[in-house]
Amino acid sequence: MACLAFLVGFASVSQAGLEVIGLDVGQGDCTLIISPTGKTMLVDAGTTGKGVGTVLPYLQSRGIKAIDYTVASHYHVDHIGGMDEVINSLTRDSLKVAALDRGWSYTTQAYTQYTTAVGTKRQTITEGQVVDLGGGATVRCVAVNSHGHLAAPYDNDRYDENNLCVVLLLDYGDFEMVLGGDLPGYNTSSYHDIESLIAAEVGDVDVYKVHHHGGANASNTTLLDTILPEVSLIYVGTGNSYGHPTQAVINRLVAVNSYIYQTETGSGGTIPSGEGEVVNGHIVITVVPGSYTINGDVYDCGTAGVPPTCGPLFLSVYPNPFSGEATMRFNVAESGPLAIRIFDVHGRLVNAFQTVRGDTYTWDGTSLDRREVPAGVYFVRISGPSQSLSDKLVKR
């Protein structure tokens with residue numbers, strides 16, 4: 001089982017390790033992977049103009065003059081439009097190894113520019129193919145061209161392009177992340193439910209790059225209930241015309257307790273307080289053995305000691321996030337006293353109380369020894385003789 005991770009606002013990790021950068025390219029996708037040995041993989045590059053406007057400046061700021069691998073998740077312009085700009089703007093022979101994509105063909109200008117730029121380095125990726133990035137980091141192709149659901153040929157206009165997305169599983173020690181472009185999860189006139197076909201093979205992951213910018217036709221419950229991402233990343237553009245991300249998808253992510261990082265505000269749903277944040281910029285993940293950091297927030301790898309909620313119970317915390325006190329409102333069908341315990345993200349007991357029935361309790365953010373606890377994420381667990389419930393608290 002992939003590592004179970006929870007957010008905490010401790011100091012950033014300084015050791016060298018795997019890096020994953022979700023570049024803010026507006027309404028599009030772009031993810032840069034840098035392995036512990038320095039090998040690089042660029043998955044998509046945003047729409048036309050974003051290659052030179054956003055991706056290239058970031059690469060230059062990091063001193064990256066060449067890319068080992070590029071991957072086109074599919075051929076829509078908001079994913080490959082900037083790829084030729086990046087390749088053509090870097091130094092000569094800037095694409096070291098291969099440009100991986102789903103093969104076949106497409107008939108847009110962005111596709112032609114992409115294939116011209118990558119030239120003979122273009123290779124068709126296959127399901128099960130593993131790319132070794134060195135230092136223990138690997139990328140495996142879980143699915144391509146609908147995972148066998150649709151029949152060849154996979155040429156332009158035969159199927160909606162989103163059905164044919166390349167799905168990648170990034171693995172580094174206990175850390176796993178899945179990236180699947182705009183892969184759909186519902187059957188409509190144009191889309192097919194490919195997500196349910198690949199869910200079990202992906203398995204439990206730490207980070208999920210949300211499919212289709214949070215569009216309602218993706219991120220179905222079968223996928224989310226199977227991969228159980230501790231963190232979800234939404235790449236989206238402010239003021240986009242698609243209503244991305246949709247509130248339905250945000251709600252589905254929250255339902256599996258996945259903390260959300262979103263590149264821009266978008267034009268659709270709103271992340272509930274305490275369940276995520278709009279970064280308004282790049283999302284930077286650094287992974288070392290045992291933990292990973294996202295924009296300064298550190299997550300632990302390994303099973304935390306906070307048991308899951310059980311039973312049809314009710315618990316809410318207000319305000320959440322909080323800075324002074326947090327009031328817990330709960331409904332537990334038990335007789336007798338209730339135990340209220342606060343845990344940190346490592347599963348260590350921070351504070352404990354006991355209340356006689358009632359339906360509210362206020363925590364002042366202190367530990368057992370009455371010291372104020374650091375800012376970060378904590379978990380409250382309220383237990384009776386046979387029922388219990390837990391929830392997340394964010395202390396600022």
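The values are calculated or read from the model by the stated rules, or taken from the named source; none is laboratory data. What you are looking at is a predicted structure, and each value in this text was computed from that prediction instead of being measured. In this analysis, Cβ positions are derived from the backbone assuming ideal geometry, glycine residues included, and neighbour counts consider all displayed protein chains.
Just a few scattered comments:
- Filter result (surrounded by fewer than 18 Cβ atoms within 10 Å (Cβ to Cβ) and under 19 Å from ASN187 (Cα atoms)) within the range 222-241: THR222, ASP225
- Every residue from the range 183-204 that is outside any helix (DSSP H, G or I) and buried (at least 24 other Cβ atoms within 10 Å of the Cβ): LEU183, PRO184, GLY185, ILE194
- Scan of the range 130-160 for residues that are assigned to a loop (DSSP other than H, G, I, E, B) and at pLDDT 95 or above, ordered by number: VAL144, HIS149, LEU150, ALA151, ALA152, PRO153, TYR154, TYR159, ASP160
- Scanning the range 211-228 finds one or more residues that are at pLDDT below 95 and among the charged types (D, E, K, R).
- For the range 205-235, residues that are part of a loop (DSSP other than H, G, I, E, B) and either farther than 30 Å from LYS50 by Cα or within 13 Å of the chain's Cα centre (by Cα) (or both) total 8.
- Taking residues in the range 176-188 that are over 16 Å from VAL20 (Cβ atoms), and partners anywhere that are surrounded by fewer than 24 Cβ atoms within 10 Å (Cβ to Cβ) and hydroxyl-bearing (Ser, Thr, Tyr), the pairs with Cβ atoms closer than 6 Å and at least 6 places apart or on different chains are PRO184/TYR191.
- Residues that are part of a helix (DSSP H, G or I) and either loosely packed, with under 15 Cβ neighbours inside 10 Å or not assigned by TED's automatic domain parsing to the domain that holds LYS65 (or both), drawn from the range 91-122: GLN109, THR112, THR116, GLY119, THR120
- Cβ-Cβ under 9 Å pairs, at least 6 apart or on other chains, the range 123-134 side in the same structural domain as ALA72 (by TED's automatic domain parsing), far side surrounded by fewer than 12 Cβ atoms within 10 Å (Cβ to Cβ): GLU127/GLY148
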